[in-house]
1. Among the candidates 113, 144, 138, which residue alone is closer than 24 Å to residue 198 by Cα and under 15 Å from the mean Cα position of the chain (by Cα)?
2. Test residue 22 against the criterion of being assigned to a helix (DSSP H, G or I) and either at pLDDT below 85 or over 22 Å from residue 93 (Cα atoms) (or both), and give yes or no.
3. Out of the stretch 177-192, which residues are open to solvent by 30 Å² or more (accessible area, probe 1.4 Å) and closer than 16 Å to residue 95 by Cβ?
4. Take the residues in the stretch 92-101 that are under 15 Å from residue 32 (Cα atoms) and aliphatic (A, V, I, L, M); name whichever of them is most open to solvent (accessible area, probe 1.4 Å).
5. Note down all Cβ pairs under 7 Å where the first residue falls in the stretch 262-285 and is under 15 Å from residue 237 (Cα atoms), the second is among the acidic types (Asp, Glu), and they're at least six residues apart or on different chains.
6. Residues to consider are 144, 187, 115; find the one that is modelled with pLDDT of 95 or more, out of contact with any strand residue (DSSP E or B) (no Cβ under 7 Å at 6 or more places or on another chain) and not in a loop (DSSP other than H, G, I, E, B).
7. Return the total of residues in the stretch 193-221 being open to solvent by 40 Å² or more (accessible area, probe 1.4 Å), aromatic (Phe, Trp, Tyr) and more than 16 Å from the chain's Cα centre (by Cα).
8. Of everything in the stretch 265-284, what is under 22 Å from the mean Cα position of the chain (by Cα), of a type outside the set (D, E, K, R) and open to solvent by 40 Å² or more (accessible area, probe 1.4 Å)? Give them in sequence order.
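The values are calculated or read from the model by the stated rules, or taken from the named source; none is laboratory data. In this text the structure is predicted, and so the values were computed from the model without any measurement. Here the Cβ is made from the backbone with ideal geometry for all residues, glycine too, and neighbour counts use every protein chain on show. To get the accessible areas, we keep the full protein, side chains included, count just its heavy atoms, and leave off ligands, DNA and RNA. Shrake-Rupley method; radii C 1.70, N 1.55, O 1.52, S 1.80 Å.
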Amino acid sequence: MNPLTALPAIRWLVRDTFRQSRSAGVFWLMLAVSLACVVLCLTATVAADGPDEAGHLNLAFGAVQVPLDRGCPAAVRTLEVYLAGWIADGAGLLLALMWTAGFLPSFLEACTVSVLLSKPIPRWSLLLGKCLGVLAFVAVQDGVFVGGTWLALGLRTGIWDTNYLLCLPLLLLHFAVFFSFSAMLAVATRSTVACVFGSVLFWSLCWAMNFGRHSFLLLPELQTAAAGLGHTVEFGYWLLPKPLDCHLILLNTLQDDHTLSRVIDTHALAERGGWQPVASVLASCVCALVLLALAAYDFATAEY
């Protein structure tokens with residue numbers, strides 16, 4: 001079968017995902033959260049005696065004042081860290097996984113997918129089209145959040161931090177890795193509840209493994225107390241996706257060494273040979289591709 005025959009179906013499924021997100025209210029809910037953050041940034045001002053002098057950050061037109069021990073550029077960068085690092089890459093990621101968890105199970109219901117299965121197109125293209133639709137939907141929402149807050153902060157403070165725009169592909173990659181697990185659960189169970197709790201639980205497990213491995217390398221007393229666990233910890237670290245590493249890479253992109261050192265001291269970790277961001281991202285991507293391949297195989301062999 002010619003794979004090109006699947007392209008119209010994939011394009012239709014991408015458009016249908018946006019239609020589904022609007023009808024379910026997820027599109028408007030995520031858009032409202034992004035616009036609320038944009039509006040908050042439109043109320044921000046930074047007051048300091050000089051670019052490197054102490055000052056304060058005003059939010060909500062001065063209703064909230066945050067003292068700063070650094071100048072204007074660092075103050076704006078700190079706000080960007082909270083926006084991208086904690087709101088978008090923390091709570092936002094988990095909420096996106098939960099809010100999009102129902103897209104695939106509802107699509108895979110027999111009454112819905114059987115119509116598409118009757119057409120002369122490969123099954124893998126149906127799953128691929130729906131996954132691409134979800135990723136395109138999240139990419140649009142991430143673009144509104146990152147682009148909108150960047151533009152608002154630039155207009156209000158006059159500081160245009162282009163590094164902040166690099167958070168967009170990092171946020172999308174982080175979501176895509178864990179949505180692949182949600183897709184595998186959707187094909188296996190066709191249950192929205194399983195996808196919601198399963199994806200959040202998997203993310204939590206991966207985060208704990210990621211943090212535990214770095215702590216194991218940074219704390220000599222742990223290595224002494226559990227010397228035989230070193231190979232097991234390394235195996236688990238490289239086998240699973242690495243959400244903490246994605247977060248650390250994002251903080252490093254924003255050049256916020258102060259916040260970065262409070263999470264994990266990547267400089268000390270690099271000295272011990274444990275900080276390899278490129279290899280970490282590639283390993284997470286490989287894991288995501290394996291999970292999607294398993295989902296595609298399960299879907300291709302399922303009975304409808």
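1. 138
2. No: the conditions fail for residue 22.
3. Result: 192, single match.
4. In this case the residue turns out to be 95.
5. 277/245; 280/245
6. After applying the criteria, what remains is 144.
7. 2
8. Matches in the stretch 265-284: 275, 276, 277, 278, 282.
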